[in-house]
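What follows is a set of notes on a single structure, which appears directly below.
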Amino acid sequence: MDRIAGRQAIYLDNNQALEQACAELAFSEVLGFDSEFMRTNTYFPKPGLFQLGDGQQTFLVDPLGIDRWDSFRTLLQRESLILVIHSSSEDLGLLRSFLGVLPANLFDTQRAAAFAGLGYSLSYQALVKNELDVEIPKGETRSDWLRRPLSETQLDYAALDVEYLVEIQQRLQAQLRERRMLEWFEADCRDLLAGVPDEMDPTAWENAYLSISSAWQLDGRALQLLQKLAFWREQEARLRNKPRSWVVKDAELQALAEKLSGQDLIDEAAIRRTGVFSSRFADREAQKLARFLNQDREFARPASPDLLSRPLGGAVRRQLKALQTLARERAETLDISPELLARKKLWLELLENVASDRLPLWPPGLDNWRRELLEPAVMAILAKGGAE
């Protein structure tokens, strides 16, 4: 384990060094965590560095030199450990895809800052400045973290990203306890962990068509084909480890579904005749795609127009505005951001559930302390409908 000059950080680039560090940290109650990764031309992120800090020591873990991760997995999953991460979603996704684990307990400092009334999406640099009056440079944000050797500037930047997390966690926890919001925050952190997607679960791919923004224009066989096509793209993106749009774009999927919906036989020639794809793409993919579309495949949730987001009508827009006003007024009384109380996406999901008589009515992101706080006023708005 080599100590980085000028900072109390230890660089770990082999199995033995990692295992030794994990043994040293085995009884820690709180650990700061961050990661540096690249995802410009792949589906799965490529880890370039993991950072750990207990408030006394900082460890920089080089994944390019390590192939035994059991001790690291065990450390992160300890029931008595709180892992402190700022804006945790991407870091948690990387832990799940690369190591297949998630921490037992999470403290997201960005979310905690929102509960503390400091702003909804405060950056780590701004939070450190606000709480500790320390300036942190941003110079290596777009650095190449897969290049070796990493520069001293990169290593220093990476170490700073976890150096203050434990101290900030203690400060924010005290503030939330004083504001009587600690239980709400802890519930949100549990929800953040529960919401990390399992990217290798094929059942989740069945709903991939729902993310295509103009899919509401389709119904019947065209929508069924779009569900199959989107599922195929999810499968291919993972097999090739390429971004979805590199496999095929949303607009191409939808155009193909529309043009094939009136065809009795879907074969390679039919796909070529649609003119959706270039001849080069068709040469490479048309036969395989036709074979996939002709397979009998039963989805747990078959494609349904009722599940799609549609453009808002006037009445729904008025209801949305009333719900957003409610959130803003309640947030002001609590001294928190309206987005923390309820984001537009969640209100839209609630309104879509109402319009489609879909149960449960309350989306998971609202069916918690937010529902307890807002339900009477929300139900009054829904009962009123979109009346002026």
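The values are calculated or read from the model by the stated rules, or taken from the named source; none is laboratory data. Model, not experiment: these values are computed from the prediction. As a convention, Cβ positions derive from the backbone with ideal geometry for all residues, glycine included, and neighbour counts pool all protein chains shown.
For segment 336-358, the set of residues classified as farther than 16 Å from residue 374 by Cα and basic (Lys, Arg) consists of 345, 358, listed by residue number. When we screen 296, 306 for residues that are under 31 Å from the mean Cα position of the chain (by Cα), surrounded by fewer than 18 Cβ atoms within 10 Å (Cβ to Cβ) and without any contact (Cβ under 8 Å) to a residue 60 or more places away in the chain, the only hit is 306.
Got a number for residues in segment 273-313 being aliphatic (A, V, I, L, M), farther than 23 Å from residue 206 by Cα and in a helix (DSSP H, G or I)? Residues meeting the conditions: 1.
Say whether the condition of being in the same structural domain as residue 378 (by TED's automatic domain parsing) and either on the phi > 0 side of the Ramachandran plot or in contact with an Asp or Glu (Cβ under 6 Å, 6 or more places away or on another chain) (or both) is met by at least one residue in segment 284-298. No, segment 284-298 has no match at all. For the structure I just gave you, tell me whether residue 177 is within 29 Å of residue 238 (Cβ to Cβ), of a type in the set (Lys, Arg) and surrounded by fewer than 20 Cβ atoms within 10 Å (Cβ to Cβ). In short, no. For segment 65-75, a residue qualifies if it is surrounded by fewer than 21 Cβ atoms within 10 Å (Cβ to Cβ) and among the aliphatic types (A, V, I, L, M), and exactly one does: 66. Checking each residue of segment 250-272 against the condition of being hydrophobic (A, V, I, L, M, F, W, C), assigned to a helix (DSSP H, G or I) and closer than 29 Å to residue 97 by Cα gives at least one match. The C-beta contact set for segment 357-384 (first residue farther than 22 Å from residue 317 by Cβ, second residue polar (S, T, N, Q), distance under 8 angstrom, 6+ apart or interchain) comprises 359/353; 360/353.
Kindly establish whether residue 83 is in a strand (DSSP E or B), under 22 Å from residue 186 (Cα atoms) and without any contact (Cβ under 8 Å) to a residue 60 or more places away in the chain. Yes; evaluated as a whole, the condition is true for this residue.
Table: residues versus (1) on the phi > 0 side of the Ramachandran plot; (2) surrounded by fewer than 18 Cβ atoms within 10 Å (Cβ to Cβ); (3) over 21 Å from the mean Cα position of the chain (by Cα); (4) not in a helix (DSSP H, G or I).
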site	(1), (2), (3), (4)
347	no, no, no, no
351	no, no, yes, no
354	no, yes, yes, no
358	no, yes, yes, yes
364	no, yes, no, yes
370	no, no, no, no
374	no, no, yes, no
378	no, no, yes, no
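Considering 100, 93, 48, the condition of being surrounded by fewer than 22 Cβ atoms within 10 Å (Cβ to Cβ), modelled with pLDDT of 95 or more, on the phi > 0 side of the Ramachandran plot and within 23 Å of the chain's Cα centre (by Cα) is satisfied by 100 alone. For the residues 351, 340, 323, the requirement of being free of Cβ contacts under 8 Å to residues at least 40 places away in the same chain and in contact with a helix residue (DSSP H, G or I) (Cβ under 7 Å, 6 or more places away or on another chain) singles out 351.
A residue that is at negative phi, assigned by TED's automatic domain parsing to the domain that holds residue 112, touching a residue at least 60 places away in the same chain (Cβ under 8 Å) and assigned to a loop (DSSP other than H, G, I, E, B) occurs nowhere in segment 12-34.
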